[in-house]
Structure formats: C-alpha cells, structure tokens
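Step one of this worksheet: look at the structure below.
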Amino acid sequence: MYRFAKAAINVTGQAVRQVRHGSSVRKDFHYKYGNGLMVGGIAFCGAVWSYVLTQTGIVWYLSPVGKVMPKPWRETEE
C-alpha cells in the first residue's frame, strides 16, 4: 500500500508541475485564434437570435397590461 500511495503522489505531483509550467498546453493558441473565435461566436449568436426573433413566429407577450381581462363578477345564488 505504501508503494501505491507513493506512486500516486509522484504522478499527481508530476501533473501539477506540468500544468504549472505549461508544458502540456501551447500558449500561442489563444493569441492566434482567440479574437477570431470570440468574433465568430458573437456573430453566430447574433445570427441565431435575429432568426429566432424575426422568423419563427413566436409571440413575445412581455407585458400582460391591457391583455388580461378580469372575469365578470358573479353574485352567489341563494
């Protein structure tokens, strides 16, 4: 059990060192593609929402003022 625990600690320590030093991920990805991905995502999201708002025929009842009418009052019958 001692050997297993020692090996597990060694593996996790090695993984922490790799992440801390950045050897597992290249750092130029975000500099190279970050702005393009952000602009593309914003454009895609805007296109989808503009389609949903204008073409799907969904009725957006944002306020019930003037649309909800109370039921007529009914007297109790004796």
Checked pairs for segment 58-75, first closer than 30 Å to residue 48 by Cα and at pLDDT below 75, second part of a loop (DSSP other than H, G, I, E, B) and aromatic (Phe, Trp, Tyr), C-beta under 7 Å and 6 or more apart or across chains, list as 67/61
What about residue 3, is it basic (Lys, Arg), part of a helix (DSSP H, G or I) and either at pLDDT below 75 or surrounded by 10 or more Cβ atoms within 10 Å (Cβ to Cβ) (or both)?
yes
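Considering only segment 44-78, state which residues are of a type outside the set (A, V, I, L, M, F, W, C) and surrounded by 10 or more Cβ atoms within 10 Å (Cβ to Cβ).
46, 50, 51 - these are the residues of segment 44-78 that are of a type outside the set (A, V, I, L, M, F, W, C) and surrounded by 10 or more Cβ atoms within 10 Å (Cβ to Cβ).
The values are calculated or read from the model by the stated rules, or taken from the named source; none is laboratory data. Everything numeric in this text was worked out from a predicted model, so none of it was measured. Here the Cβ is made from the backbone with ideal geometry for all residues, glycine too, and neighbour counts use every protein chain on show.
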